[in-house]
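Visitor: One structure, pasted below without further comment.
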């Protein structure tokens, strides 16, 4: 019989052994998930001993060191602070005030954690070909220890903005704001989680191509040519724009282009473009820097280049060249100026001519078009008036109260209080074309007319026919594009002789230009 440590007392069958019995079924497992690098953890578990003295508690050992102590009734303990990717064999013993059992070891366990933080390398701005506000940087790093499980992802993060990139070194981080400074950190991720972030990289400033410029603005001015020297009249369009954001790299060039094929480069924010008089075009611009070209701007508003006329010289230019007239000889239709007048009077009374003032044909010809004014064909295509031929079918409209038999007086005096929402569209056929010279040129919304050309307008709430030279800023014109009333957006009136074309049609002398609804071809 064993002897109790209590002096003079004999041991009983139950409780007089030296110390308690050891636990059984001892196991251990790696925690891994969420554990920081070199702060791994193992959970050790056991079954309480049966028989013998009831233990006071349990001690967990790592080698000779006690790493955890728990009271009786608790059959598990977590040991922390363990090195990543390292094997450990833990043991557990039970104890009471009389002694401690020898201990029981768990199977060996390899501790895993999240990876070690990588070491940051160098950040470099990309710049070249990067779109505005989509800058990029490449960032290098050196991988750290895995934490015992393979690294699946390396993530580089920008500060500020939180833009990220992943992959092997070097990593590209995109989406950076232009002309903005950034630093970067890198982390590593495995099955247990993500490492701490590295130290911050060097600072870089993201650069890109310039921002998209706003649509240019355009003004136009006439440039008179010399008919005697054979040079045509032209116009100068001044195209201007506001410098966009540079993208972080200085703008070195602007490339401009017009819708009629002209283009060029400049370092300024404006350019003067020589254009044909009465031509219509739009303009775009882009900005270039060392990184590349910006997105091209939206197009400017369409502008009709100013019509320029060179007043005639007594010796050098005849505004009536189409009729063969000059101060020293006149034959409007091939007749001798001194032998025959087709109108039964002196040709000089027709023209009211003097070397310093005249009124060509104004008593005879009424509505007329500029040769470059665009006329809408019945099929919706466009022709310049100079290209119209007899037999062409034009887009026309039926205006209430103005039939095909309307006289000059009917048209000039017609008005209607009706607020048209639309007109009935029809067709009319060109029956005659006459070219002559008019003293006044008027440009309305890009269409060119003689001053005596009638247009359908709305004035003071009434629909009326008004001469081009008599329009007001408050008038509305009938739009061929929308088949309803439209504002006058541009109006130019020049008191210079100009060649015009009168087009007569059947059954209606009413037809559409590109912007307006007009009446043409009648004689007063």
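Every read-out reported here was derived from the displayed coordinates using simple, explicitly stated rules and does not represent laboratory data. Predicted model only: the values in this text are computed from it and were never measured. Virtual Cβ from ideal backbone geometry, glycine too; neighbours counted across all protein chains shown.
Visitor: For residue 54 and residue 238, compute 0.36 nm times the residue count separating them, minus their Cα-Cα distance, and round to one decimal in nm. Walk me through the numbers before you get to the answer.
Guide: On the way: separation 184, 0.36 × 184 = 66.24 nm, distance 10.30 nm.
Once the chain is fully extended between residue 54 and residue 238, it gains 55.9 nm.
Visitor: Ratio of the range 217-304's C-alpha Rg to 2.2 N^0.38 Å, to two decimals? Walk me through the numbers before you get to the answer.
Guide: Numbers: Rg = 15.0 Å, N = 88, 2.2 N^0.38 = 12.1 Å.
Relative to the rule-of-thumb radius for its length, the range 217-304 sits at 1.24.
Visitor: Taking neighbour counts of Cβ atoms within 10 Å as a proxy for exposure, in what order, fewest first, do 505, 22 appear? All intermediate terms of the calculation are to be shown ahead of the outcome.
Guide: Working: 505 24, 22 20.
With the fewest neighbours first, 505, 22 line up as 22, 505.
Visitor: If contacts are Cα pairs under 8 angstrom and at least 6 residues apart, what is the relative contact order of the range 389-506 in percent? Don't skip to the end; give the middle numbers.
Guide: Details: 233 pairs, mean separation 36.8, N = 118.
Here the relative contact order equals 31 percent.
Visitor: Please give, to one decimal in nm, the separation of the simple spin-label points placed at residue 470 and residue 432, each 7 Å out from Cα toward the Cβ.
Guide: If labels sit at residue 470 and residue 432, their model points lie 2.4 nm apart.
Visitor: Based on other C-beta atoms within 10 Å, arrange 387, 96 from fewest to most.
Guide: Numbers: 387 12, 96 16.
Placing the least packed residue first, the sequence is 387, 96.
Visitor: Among 436, 453, which comes first, then next, by fewest other beta-carbon atoms within 10 Å? Walk me through the intermediate numbers first.
Guide: Working: 436 18, 453 29.
Lowest count first: 436, 453.
Visitor: Which percent of Cα pairs goes in each bin when the distances of the range 24-111 are cut into 10 angstrom slices starting at zero?
Guide: For the range 24-111, the pair-distance distribution reads 18, 50, 24, 7, 0.
Visitor: Nearest 0.05, what FRET efficiency do residue 181 and residue 217 give at R0 = 30 Å with Cβ-Cβ as r?
Guide: Efficiency for this residue pair is about 0.30.
Visitor: Express the Stokes-Einstein translational diffusion coefficient of the range 119-206 in µm² s⁻¹, to the nearest whole number, given a Kirkwood radius over alpha-carbon pairs, 4 °C and a viscosity of 1.567 mPa s. Could the numbers behind the result be given before it?
Guide: Working: Rh = 13.0 Å.
The diffusion coefficient I find is 100 µm²/s.
Visitor: Could I ask something else about it? Enter the Cα centre distance for the pair the range 416-468 and the range 390-408, rounded to the nearest angstrom.
Guide: Using only Cα atoms to place each centre, the spacing works out to 12 Å.
Visitor: While we're on this one: Quickly rank 138-145, 282-289, 424-431 as a protection proxy: mean count of other C-beta atoms within 10 Å, highest first.
Guide: The peptides rank, most packed first, as 282-289, 138-145, 424-431.
Visitor: Need the full-extension length gain, residue 302 to residue 172, defined as separation in residues times 0.36 nm minus the C-alpha distance. One decimal, nm. Write out the running numbers ahead of the final one.
Guide: Details: separation 130, 0.36 × 130 = 46.80 nm, distance 4.32 nm.
So the extension gain works out to 42.5 nm.
Visitor: Then there is this: In nm², what is the average projected area of the convex hull enclosing the Cα atoms of the range 374-519?
Guide: Details: hull surface 31.4 nm².
The directionally averaged projection comes out at 7.8 nm².
Visitor: Could you compute the FRET efficiency for residue 87 and residue 160, with r as their C-beta to C-beta distance and R0 at 51 Å, rounded to 0.05?
Guide: 0.75
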